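So the structure is just underneath, and the comments pick up after that.
The values are calculated or read from the model by the stated rules, or taken from the named source; none is laboratory data. In this text the structure is predicted, and so the values were computed from the model without any measurement. Please note: Cβ atoms are built from the backbone with ideal geometry, for glycine as well, and neighbour counts cover all protein chains shown. Note: areas computed on protein heavy atoms with side chains; ligands, DNA, RNA excluded. Shrake-Rupley method; radii C 1.70, N 1.55, O 1.52, S 1.80 Å.
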Amino acid sequence: MRADQSGRRLAAVRRRLVDLELDGLLLTGIENIRYLCGFSGSLGYLVIGLAAAEILGDSRYWIQMEDEAPAFTLVRSGPSHGLWALVAERLKALGLRRVGFESQQLTVDQHQRLLAALKDTATLVPTAGLIEELRMVKTAEEVALLRAVASIAGRAFDRVRAAVRPGLRERDVAFLLEQTFRELGADGPAFETIVAAAERGALPHGRASDRVLERGNMVVVDFGASAGGYQSDTTRTIVVGTPTADQTRVIEAVRRAQLESMALMKPGVAADAVDRRAREVLAGEAHAFGHGLGHGIGLQVHERPYLSPTDQTVLQAGMVITNEPGIYVPGWGGVRLEEMLLITEDGPEVLTPASAEVGVG
């Protein structure tokens, strides 16, 4: 990550530390670490003070840390020096007495080990969502990365969609999608691809199985690619052959709920109001979705804000949020449609280009 980009994010964190009357922050969540410094490895810690910014790691990651996190001072852990002991040493050396930690990331065991190493030289203060709150509004660079990975996933789906036919298994479709992600430049899938045919479509997170696709099957395909640390998430519902009248009716009901709720996705609108609108549209459907309508997306597939009845976050320009209503009928099947949307001053911009055509094969 460029030092100037990391510096701007550090400045925002330090303003929050002042607000919270903290003189330091320990970060252990890997996505939050990547957001602040650019380090993409699987283990490392950040110690941030009002003047200091250090990245702590063992010898597996020293070269990578120096390359990816130039705005942070690398502190090396020796072969017989545990990272928690090193964290305690650095907090003491920097004179950090009131230190926030990610309460949603640190385990009870890790917290106890750190307390033991500190020996009462610092007070640990639980914080939750401090970095996640900053991550909600994307920079122009982040939007470009999300747009690119959504494009990869969309092109992959369109390529595989053309090959869907009776006789393929659900897992064959998932494999082809994930293979095509990589062929088009992604690092891999963002999550385990969902392919659920016929009555299995009533499983909102049904894993791809050995179920063989048959003509007339309606199939829910939920897929996402990962590239440059950023994720995509799209769902399409297709029919092998020509959709029946019942299939068409349910698909159109879900599409109407999506379009009417998407129209509310503007700056100043509360997240729960968007969720509520989709549920109002589907109020006459006995099997309308029970999950949240959508979620923020970025370094993680699911991140703040959430389009749900319990999230009153006010939408802001620069947020990227999914919208994914569904209907799930036990014994019959399901429909889910999902887009990634960039919130702009002029309204939502769809970032997911995958074909929405229903009939295949």
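Within the set of pairs 6 or more residues apart or between chains, which connect a residue that is within 19 Å of ALA51 (Cα to Cα) inside the range 83-112 to a residue that is aromatic (Phe, Trp, Tyr) and at pLDDT 95 or above with Cβ atoms less than 7 Å apart?
Final answer for the pair search is VAL87/TYR45.
Could you tell me whether the range 330-349 includes any residue that is in contact with a strand residue (DSSP E or B) (Cβ under 8 Å, 6 or more places away or on another chain), hydroxyl-bearing (Ser, Thr, Tyr) and not in a loop (DSSP other than H, G, I, E, B)?
No, the range 330-349 contains no residue that is in contact with a strand residue (DSSP E or B) (Cβ under 8 Å, 6 or more places away or on another chain), hydroxyl-bearing (Ser, Thr, Tyr) and not in a loop (DSSP other than H, G, I, E, B).
Please state which of the following conditions ASP210 fails to meet, knowing it meets all the rest: (1) of a type outside the set (Lys, Arg); (2) outside any strand (DSSP E or B); (3) in contact with a Ser or Thr (Cβ under 9 Å, 6 or more places away or on another chain).
(3)
Just to be sure I understand the filter: pairs with C-beta atoms under 9 Å, separated by 6 or more residues or on different chains, first member in the range 52-76 and touching a residue at least 60 places away in the same chain (Cβ under 8 Å), second member among the acidic types (Asp, Glu) and open to solvent by 70 Å² or more (accessible area, probe 1.4 Å). Which pairs pass?
Short answer, once both residue conditions are applied: ALA71/ASP4.
Considering only residues that are assigned to a helix (DSSP H, G or I) and open to solvent by 40 Å² or more (accessible area, probe 1.4 Å), which ones fall in the range 231-276?
Listed by number, the residues that qualify are ALA245, ASP246, THR248, ARG249, GLU252, ARG255, ARG256, LEU259, GLU260, ARG276.
Of all residues in the range 78-97, which are out of contact with any helix residue (DSSP H, G or I) (no Cβ under 6 Å at 6 or more places or on another chain), open to solvent by 30 Å² or more (accessible area, probe 1.4 Å) and in a helix (DSSP H, G or I)?
GLU89, ARG90, LYS92, ALA93
From VAL335, VAL329, VAL320, VAL301, grab the single residue that is within 25 Å of ALA163 (Cα to Cα), modelled with pLDDT of 95 or more and open to solvent by less than 70 Å² (accessible area, probe 1.4 Å).
VAL335
Can you name the residue in the range 277-304 that is outside any loop (DSSP other than H, G, I, E, B) and under 20 Å from the mean Cα position of the chain (by Cα) and is also nearest to GLY318 (Cα to Cα) among such residues?
GLY296
Being outside any loop (DSSP other than H, G, I, E, B), open to solvent by 80 Å² or more (accessible area, probe 1.4 Å) and under 30 Å from PRO267 (Cα atoms): is that true of GLU133 here?
yes
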